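To start, the structure itself, in structure tokens.
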Amino acid sequence: MWPQSLQVQEEYKLGEDTMNKEIIEKLGRHLLDAQENRREVSKITTEHPELTVEQAYDIQEQIVRSKLEQGLRIIGPKMGLTSQAKMKQMNVDDPIYGYVFDNMVVTGQDISLSDYIHPKVEAEIAFVLGQDIQGPGITGAQVLAATEYVIPALEIIDSRYENFQFTLPDVIADNASSSGVIFGNVIKRPEQLELDLLGVTLSINGKIKDLGAGAAVVGHPAHSVAMLANMLARKGLKLRAGEIILTGGITGAILLSEGDSVSARFDGLGSVDFTVGA
Ligand code: 0L1
Ligand code: MG
């Protein structure tokens, strides 16, 4: 698991040569306020078109620190923009990462639309590590060797930006749209499955809305975790045993509406279901 808040805060030192610390803090508060009040806001690059990817991660880290100070706990990092479709849409070559907190985990079978702005759902495979992984140079094979088990998951993403419209720095600053996650009950060792061939259907109200295989996630979900370890290594961070890592959407993200009954079926990993109330 992650270290205690103070240690995490110590790890997240803002870069010295990046955007003014006050502006970073202001933008972090702005996005946090939008999330807490379920209010969509204009993308921050409208006012700060010069925002770089590095500065955007500084804003994300500001949000992470604020949540830790509120007493929330990180359950693990997530990868986003891992599919060809999403990368093409954003005109990028690499995925991004963000963090999932304990208060984002849905424990029952229902969510309330009023807890979100404009939530979407996507099916993912989560990895739980048995050992720490420290990049750079981590491979998918090393990830599989360090993985304790995998779990089926439905991620709820909820961009804080109007109409889910953003640039790459905007979405990084917004903690990769992290908002919710529902885990399934079936857990398996990674060697029990062919994770790249593992098929998933995502249905709403009995109709299949999208489907895919694990290979949709940068070729293999373990490769996604390896990329994450290597990205974190640039900041001197590592993946830790016990963290639950969301590897990226196998399906596209589907907008949720009141009354929806959502069901994802994972080949060999059972189903994950929930309904959407008011
Ligand atoms: O988990 C994801 O892939 C979401 C990344 C952010 C992009 C989005 O909100 O669609
Ligand atoms: Mg996702």
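Structural remarks
- Some residue of segment 140-153 being out of contact with any Lys or Arg (no Cβ under 7 Å at 6 or more places or on another chain), within 18 Å of residue 89 (Cα to Cα) and surrounded by 24 or more Cβ atoms within 10 Å (Cβ to Cβ): no
- Residue selected from segment 136-159 under the condition of a type in the set (S, T, N, Q) and not in a strand (DSSP E or B), by the criterion nearest to ligand 1 (Cβ to nearest atom): 159
- Condition met for residue 169 (closer than 26 Å to residue 28 by Cα and modelled with pLDDT of 95 or more): yes
- Within segment 216-259, considering residues that are in a helix (DSSP H, G or I), more than 16 Å from ligand 2 (Cβ to nearest atom) and open to solvent by 10 Å² or more (accessible area, probe 1.4 Å), the one nearest to residue 193 (Cα to Cα): 230
- Any hit, segment 83-104, residues being open to solvent by 10 Å² or more (accessible area, probe 1.4 Å) and away from ligand 1 (no atom under 16 Å from the Cβ): yes
- In summary, residue 133 fulfils each of the numbered conditions (1) away from ligand 1 (no atom under 16 Å from the Cβ); (2) in contact (Cβ under 8 Å) with a residue 24 or more places away in the chain; (3) surrounded by fewer than 21 Cβ atoms within 10 Å (Cβ to Cβ) with the single exception of condition (3).
- Of the numbered criteria (1) open to solvent by less than 40 Å² (accessible area, probe 1.4 Å); (2) part of a strand (DSSP E or B), the one residue 211 fails is (1).
- Test result for residue 8, open to solvent by less than 10 Å² (accessible area, probe 1.4 Å), out of contact with any Ser or Thr (no Cβ under 6 Å at 6 or more places or on another chain) and at pLDDT below 95: yes
- Taken across segment 65-72, residues that are touching a Leu at 6+ places or on another chain (Cβ under 8 Å) and either open to solvent by less than 50 Å² (accessible area, probe 1.4 Å) or not in a helix (DSSP H, G or I) (or both) do occur, with at least one present.
- When segment 34-45 is filtered for residues that are part of a helix (DSSP H, G or I) and surrounded by 14 or more Cβ atoms within 10 Å (Cβ to Cβ), the ones remaining, listed by number, are 34, 35, 44, 45.
- Residues that are assigned to a helix (DSSP H, G or I) and more than 13 Å from ligand 2 (Cβ to nearest atom) occur in segment 97-104; there is at least one.
- Condition met for residue 156 (open to solvent by less than 60 Å² (accessible area, probe 1.4 Å), within 15 Å of ligand 2 (Cβ to nearest atom) and closer than 21 Å to residue 66 by Cβ): yes
- The one condition from (1) in contact (Cβ under 8 Å) with a residue 60 or more places away in the chain; (2) in a helix (DSSP H, G or I); (3) surrounded by 15 or more Cβ atoms within 10 Å (Cβ to Cβ) that residue 123 does not meet is (2).
- Residue that is most open to solvent (accessible area, probe 1.4 Å) [pool: residues in segment 160-173 that are near ligand 1 (Cβ under 8 Å from one of its atoms) and within 14 Å of residue 56 (Cβ to Cβ)]: 166
The values are calculated or read from the model by the stated rules, or taken from the named source; none is laboratory data. Being a predicted model, the structure only gives us computed values, none of them experimental. So basically every Cβ, Gly included, is an ideal-geometry build from the backbone, and we count neighbours across all protein chains shown. Calculation scope for accessible area: heavy atoms of the full protein, side chains included, ligands and nucleic acids excluded. Shrake-Rupley method; radii C 1.70, N 1.55, O 1.52, S 1.80 Å.
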